[in-house]
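Visitor: Below you will find the structure I want to go over with you.
The values are calculated or read from the model by the stated rules, or taken from the named source; none is laboratory data. Please read all numbers here as calculations on a predicted model, not as lab measurements. Counting neighbours? That spans all protein chains shown, and the Cβs are built from the backbone with ideal geometry, glycine included. Side chains included, ligands, DNA and RNA excluded: accessible areas come from the protein's heavy atoms. Shrake-Rupley method; radii C 1.70, N 1.55, O 1.52, S 1.80 Å.
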Amino acid sequence: QVTCVEVVEAYVERIKEVNPLINAVVKDRFEEALQEARQVDKLLSEGPGDDCLEEKFPLLGVPVTVKEAFSLYGMPNTSGLVNRRNVIATSDAIVVSRLKQAGAIPLGVTNCSELCMWYESSNRVYGRTNNPYDLQRIVGGSSGGEGSVLAAACSVIGVGSDIGGSIRMPAFFNGIFGHKPTTGVVPNDGQFPNAHGVRTSYLCTGPMCRYAEDLEPVLRVMAGPGVSKLKLNEKVSLEKIKFHCMDHDGGSIFVSPVDKEILQAQKKVVEHLESDLGVRVQRVAIHKMKYSFQIWSAMMSSKDSEGQEAQRFTDLLGDHGKPVWPLWELMKWLVGMSSHTLPAIALGLTEKLVNLNLSGKAKLVSMGKSLQEEMEALLGPDGVLLYPSHPTIAPKHHSPICMPFNFAYTAIFNVLGLPVTQCPLGLGSEGLPLGIQLVAAAYNDHLTLAVARYLEKAFGGWVLPGKV
């Protein structure tokens with residue numbers, strides 16, 4: 001009914017209209033995108049039957065945006081680090097290449113937090129990204145530009161990465177869908193910083209989008225040959241899923257209590273599942289979840305099976321240049337002279353503390369391994385856990401620095417290697433998105449994706465900002 005050029009033009013106009021407010025797209029490639037759209041229209045006008053094209057190019061002509069931490073040919077690839085501001089990608093990350101080969105058209109790259117290690121997307125290269133539901137609120141991190149650009153209807157699908165909730169927090173704060181796949185299926189190659197040592201088992205690349213039904217086709221393309229591990233062709237009978245529900249982490253001293261509105265939204269989900277599907281949602285209290293932050297932190301800094309140390313954040317901040325001294329950077333920051341953000345400096349300072357208590361760290365790593373076994377046993381081949389995406393709705397700018405460990409609600413599932421889908425549940429009393437995490441055992445991504453599609457129908461999914 002419409003040409004590809006018309007579609008791309010519509011999204012380009014939308015970005016031009018709202019990007020001055022949200023600052024999500026940090027570099028565009030509109031001219032190239034329109035040229036690629038013309039080629040798609042030419043192909044459609046003279047090409048073979050539709051079925052053949054659909055099979056070969058499942059995302060033909062679909063506009064996408066890409067987190068700036070991923071290489072997209074000709075686009076900057078700084079990850080918000082000032083001393084990388086002149087770095088331009090000379091190739092595509094594997095997932096970007098696969099999306100292009102499937103026919104998708106990248107519109108540009110989006111903002112992230114400095115070195116992708118904080119849950120507010122702000123840096124000294126591109127500035128701060130704002131939440132389209134309330135410009136005074138954060139978009140989450142580190143894939144925050146993606147969360148914002150998708151929520152504002154500036155793109156159809158987005159490429160995000162997640163080592164502590166970097167897909168799911170922005171998806172939650174911006175009221176969209178985000179999927180962290182089972183670890184080790186979608187390649188992480190071509191992003192900066194990439195994971196090394198033990199962290200290669202925790203970093204995940206995955207899709208973000210406004211509509212639940214888009215997650216699966218994009219995940220198929222991203223996963224490539226590895227997709228068979230994810231059982232996406234298996235039919236899911238929702239009535240046969242064993243649902244479990246946990247309201248909060250058990251009361252960690254490091255993390256905020258869960259907001260009443262988030263608890264209320266989760267309660268509505270439980271009631272709907274029970275009344276509509278006739279299932280019984282089992283309440284569970286997994287004691288070790290109370291130590292989510294400590295477990296994540298210990299496992300992130302542990303040695304891998306070959307004894308290789310985890311890469312130090314201060315080395316990444318230097319990016320092959322002079323080493324960065326966090327205390328000196330803090331002094332410079334206080335007088336407005338540092339090229340780094342305060343969260344990055346703080347992370348550099350705390351990094352050293354983790355290794356002071358090695359016996360305590362070993363205990364936490366062992367607790368993480370036993371939590372993983374407990375989760376796999378609980379979820380089994382047909383279980384889905386309902387768990388808050390974050391303890392609070394989108395906070396105001398700068399406030400995460402007061403509660404820096406709230407990301408523990410998402411981070412724990414990275415070190416457990418489990419697939420998780422963040423599902424929006426409408427807007428709360430302040431007009432800000434609510435949501436929930438759907439968690440399954442490893443390689444059961446098909447279960448969380450099916451439940452996300454079901455909850456979208458029941459609770460309305462994404463809501464256009466400014467509509468209410």
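Visitor: K56 - would you say it is open to solvent by 50 Å² or more (accessible area, probe 1.4 Å), among the basic types (K, R) and either within 18 Å of N194 (Cβ to Cβ) or at pLDDT 95 or above (or both)?
Guide: So K56 does not fit the description; no.
Visitor: Counting just the residues of region 406-449 that are surrounded by 24 or more Cβ atoms within 10 Å (Cβ to Cβ) and hydroxyl-bearing (S, T, Y), which one comes out farthest from K235 (Cα to Cα)?
Guide: Y409
Visitor: Give V7, V12, V66 a once-over and let me know the one that is over 25 Å from N130 (Cβ atoms) and either open to solvent by less than 30 Å² (accessible area, probe 1.4 Å) or not in a strand (DSSP E or B) (or both).
Guide: Going through V7, V12, V66 in turn, just one is over 25 Å from N130 (Cβ atoms) and either open to solvent by less than 30 Å² (accessible area, probe 1.4 Å) or not in a strand (DSSP E or B) (or both): V7.
Visitor: Could you grab me the full set of residues in region 233-282 that are out of contact with any strand residue (DSSP E or B) (no Cβ under 8 Å at 6 or more places or on another chain), of a type in the set (A, V, I, L, M) and surrounded by 16 or more Cβ atoms within 10 Å (Cβ to Cβ)?
Guide: Scanning region 233-282 gives V236, L238, V255, V258, L277.
Visitor: Ok, one more. Look at L107 and say whether it is in contact (Cβ under 8 Å) with a residue 24 or more places away in the chain, buried (at least 23 other Cβ atoms within 10 Å of the Cβ) and more than 24 Å from I163 (Cβ to Cβ).
Guide: yes
Visitor: Run down P187, P207 and say which single residue is open to solvent by 10 Å² or more (accessible area, probe 1.4 Å), farther than 20 Å from Q372 by Cβ and at pLDDT 95 or above.
Guide: Result of the check over P187, P207: P187.
Visitor: Within the group G178, G158, which residue is more than 16 Å from R98 (Cβ to Cβ), touching a strand residue (DSSP E or B) at 6+ places or on another chain (Cβ under 6 Å) and either among the aromatic types (F, W, Y) or not in a loop (DSSP other than H, G, I, E, B) (or both)?
Guide: Being more than 16 Å from R98 (Cβ to Cβ), touching a strand residue (DSSP E or B) at 6+ places or on another chain (Cβ under 6 Å) and either among the aromatic types (F, W, Y) or not in a loop (DSSP other than H, G, I, E, B) (or both) holds for just one of G178, G158, which is G178.
Visitor: How many residues does region 389-399 contain that are over 24 Å from R199 (Cα atoms) and open to solvent by less than 10 Å² (accessible area, probe 1.4 Å)?
Guide: Qualifying residue count for the region: 2.
Visitor: A follow-up question, please. Within region 194-219, which residues are over 17 Å from S166 (Cβ atoms), not in a loop (DSSP other than H, G, I, E, B) and not β-branched (V, I, T)?
Guide: G197, A212, E213, D214, E216, P217
Visitor: Here is a further query. For V149, state whether it is open to solvent by 10 Å² or more (accessible area, probe 1.4 Å), under 30 Å from D28 (Cβ atoms) and in contact (Cβ under 8 Å) with a residue 12 or more places away in the chain.
Guide: The answer is no for V149.
Visitor: Does any residue of region 323-346 turn out to be modelled with pLDDT of 95 or more, under 27 Å from F173 (Cα atoms) and either charged (D, E, K, R) or not in a helix (DSSP H, G or I) (or both)?
Guide: Within region 323-346, not a single residue is modelled with pLDDT of 95 or more, under 27 Å from F173 (Cα atoms) and either charged (D, E, K, R) or not in a helix (DSSP H, G or I) (or both).
Visitor: A follow-up question, please. Quick one: how many residues across region 81-102 are touching a helix residue (DSSP H, G or I) at 6+ places or on another chain (Cβ under 7 Å) and open to solvent by 10 Å² or more (accessible area, probe 1.4 Å)?
Guide: Here the count works out to 2.
Visitor: Now for a different question. Test V18 against the stated conditions and say whether it is in contact with a Pro (Cβ under 8 Å, 6 or more places away or on another chain), assigned to a helix (DSSP H, G or I) and open to solvent by 10 Å² or more (accessible area, probe 1.4 Å).
Guide: Answer is yes for this residue.
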